[in-house]
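**Student:** Got a structure for you, questions after.
The values are calculated or read from the model by the stated rules, or taken from the named source; none is laboratory data. Note that the coordinates shown come from a computational prediction; the quantities given were computed from them, not determined experimentally. Cβ sites come from the backbone with ideal geometry, for glycine too, and all protein chains shown count toward neighbours. The area values use the complete protein model at the heavy-atom level, side chains included, leaving out ligands, DNA and RNA. Shrake-Rupley method; radii C 1.70, N 1.55, O 1.52, S 1.80 Å.
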Amino acid sequence: ANFQSLVGETFRMIPLAVDPPEHGKYRILLNPWFSPKAVNEMEAKIRATINDLIDSFVDKGECDAAYDYGRLYPVRVFMDLMGFPAEKLEDFLAWEYAILHSNGDVAKMQWGIGSALAYLRSFIAEMKAAPGHNLTSHIVHGQVDGRPLTEDEIIGTVSFLWLGGLDTVAATTSLMFRRLALQPELQQALRDNPELIPDAIEEFLRVQPLVNSTRLVKEDHEIRGVKIHKGDHIMCFNGAGNFDEAEFADGREVKFDRPSNRHFTLAGGPHRCLGSHLARRELRLALSEFLRRVPPFQMKPGADRTAHPGLIAVPRLPLVWTPH
């Protein structure tokens with residue numbers, strides 16, 4: 001993620017672009033806001049957000065689960081965590097779409113990242129002037145190594161969280177509900193056995209990985225006859241490990257009862273996803289509350305069933321059911 005260079009910025013995306021041991025200092029600053037304890041404290045609010053959305057469509061017998069549900073609840077949770085005003089939601093989605101989904105249209109990407117950075121800097125200035133109880137304010141007034149963060153460190157951290165917080169849970173939710181609509185036997189298994197939901201979330205994460213990891217080569221190296229040079233960027237197809245038959249028997253099949261599920265969807269090692277506990281809790285609540293309140297659902301007849309690899313996943317997901 002080096003989108004900031006498109007508008008002439010040189011700050012690093014933190015903590016993504018920082019290696020250990022320096023990397024750990026930024027994680028110490030951020031980890032408490034994403035810990036299991038912090039997520040437990042957020043659960044009631046997440047559940048309320050989810051149920052507000054279900055209230056808006058449950059009696060209609062239909063919804064676009066990709067937007068009305070999967071897109072809205074994680075973005076609202078993330079905005080609340082960061083302290084961003086709710087009315088910025090549509091702007092955020094437009095800027096982020098321009099950055100990530102413009103198919104190489106540099107002018108569009110520059111508009112998206114430029115607009116986002118201008119807003120984020122103005123919000124950072126607000127938090128400097130009037131601290132709040134939110135993650136942005138915590139970063140603005142935080143310290144690493146006993147010193148305040150520099151301007152570049154602040155915008156680098158806030159913009160990385162902004163970019164990472166808008167798409168991943170939304171896309172995973174859409175793919176999860178698409179699969180349950182198209183495979184009613186899986187849906188029924190979870191309705192009959194709600195205790196399977198935590199394992200089901202891990203299996204949905206495994207079979208529907210969204211992003212691969214880019215890494216910067218630190219030393220010249222040769223692997224299987226291919227020379228890799230210091231300074232190169234390489235793509236690690238970590239999602240491919242999720243289908244390794246040596247680790248996952250019948251890896252292309254969805255099985256909620258796998259004895260172990262060491263998937264790489266949330267990466268691993270020092271750069272393991274900072275928001276993994278929050279993402280898992282959001283997905284678990286989104287699935288359990290939907291199944292609790294919405295009768296058996298299916299794809300609307302004639303609807304486009306296309307799913308895309310990556311973060312855009314399912315642009316629209318019209319589901320239908322017979323209301324109670």
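**Student:** With each label point set 7 Å from Cα along the Cα-Cβ vector, what nm distance links residue 22 and residue 107?
**Tutor:** 3.7 nm
**Student:** Once fully extended, how much extra length lies between residue 237 and residue 126, figured as 0.36 nm per residue of separation less the alpha-carbon to alpha-carbon distance? Let's see the in-between values first.
**Tutor:** Values: separation 111, 0.36 × 111 = 39.96 nm, distance 3.97 nm.
Residue separation times 0.36 nm, minus the Cα-Cα distance, leaves 36.0 nm.
**Student:** About the Cα centre, and with charges only on the beta carbon of Lys, Arg (+1) and Asp, Glu (-1), how big is the dipole of region 259-315? Nearest 20 debye, please. Intermediate results must be reported in sequence, preceding the final value.
**Tutor:** On the way: 9 positive and 3 negative charges, 39 e Å.
With only Lys, Arg, Asp and Glu charged at Cβ, the dipole is about 180 debye.
**Student:** While we're looking at this one, here's another question. Using a simple charge model, +1 on the beta-carbon of Lys and Arg, -1 on the beta-carbon of Asp and Glu, nothing else, what dipole does region 184-324 show about its Cα centre, in debye to the nearest 20? Mind showing how you got there, number by number?
**Tutor:** Values: 20 positive and 19 negative charges, 99 e Å.
Its charge dipole is roughly 480 debye.
**Student:** What dipole magnitude, in Debye to the nearest 20, does the chain give about its Cα centre under +1 on Lys/Arg Cβ and -1 on Asp/Glu Cβ? Display every interim value, and only then the final one.
**Tutor:** On the way: 36 positive and 42 negative charges, 29 e Å.
The dipole magnitude comes to about 140 debye.
**Student:** In whole angstrom, how far apart do the alpha carbon centroids of region 8-79 and region 151-213 sit?
**Tutor:** That distance is 11 Å.
**Student:** Once fully extended, how much extra length lies between residue 199 and residue 308, figured as 0.36 nm per residue of separation less the alpha-carbon to alpha-carbon distance? All intermediate terms of the calculation are to be shown ahead of the outcome.
**Tutor:** Details: separation 109, 0.36 × 109 = 39.24 nm, distance 2.42 nm.
Value of the extension gain: 36.8 nm.
**Student:** In the structure displayed, which of 25/218; 60/255; 25/230; 108/230 lie more than 28 Å apart, Cα to Cα? Mind dumping the intermediate values first?
**Tutor:** Working: 25/218 20 Å; 60/255 32 Å; 25/230 25 Å; 108/230 31 Å.
Table pairs above 28 Å Cα-Cα are 60/255; 108/230.
**Student:** If you keep only loop residues by DSSP, which GluC sites (Glu not before Pro) in region 205-308 have at most 12 other Cβ atoms within 10 Å of their Cβ?
**Tutor:** Working: sites: 219, 222, 245, 247, 253, 282, 289; in loops: 219, 245, 247, 253.
Of the GluC sites (Glu not before Pro), the ones in loops of region 205-308 whose Cβ has at most 12 other Cβ atoms within 10 Å are 219, 245, 253.
**Student:** Per-residue ellipticity at 222 nm for the chain, helices alone: DSSP H runs ≥ 4 residues times -39500 (n - 2.57), over residue total, nearest 500 deg cm²/dmol? Working shown, then result.
**Tutor:** Numbers: 11 runs with 151 residues, N = 324.
-15000 deg cm²/dmol, from helical runs alone.
**Student:** Heavy atoms only, probe 1.4 Å: what % of the accessible area of the chain goes to carbon and sulfur, would you let me know?
**Tutor:** 54 percent
**Student:** Where does the charge balance sit around residue 62 when Lys and Arg score +1, Asp and Glu -1, over other residues with C-beta under 11 Å from its C-beta? It would help to have the intermediate numbers written out before the result.
**Tutor:** Working: positive: 60, 300; negative: 59, 64, 68.
For residues surrounding residue 62, the net value is -1.
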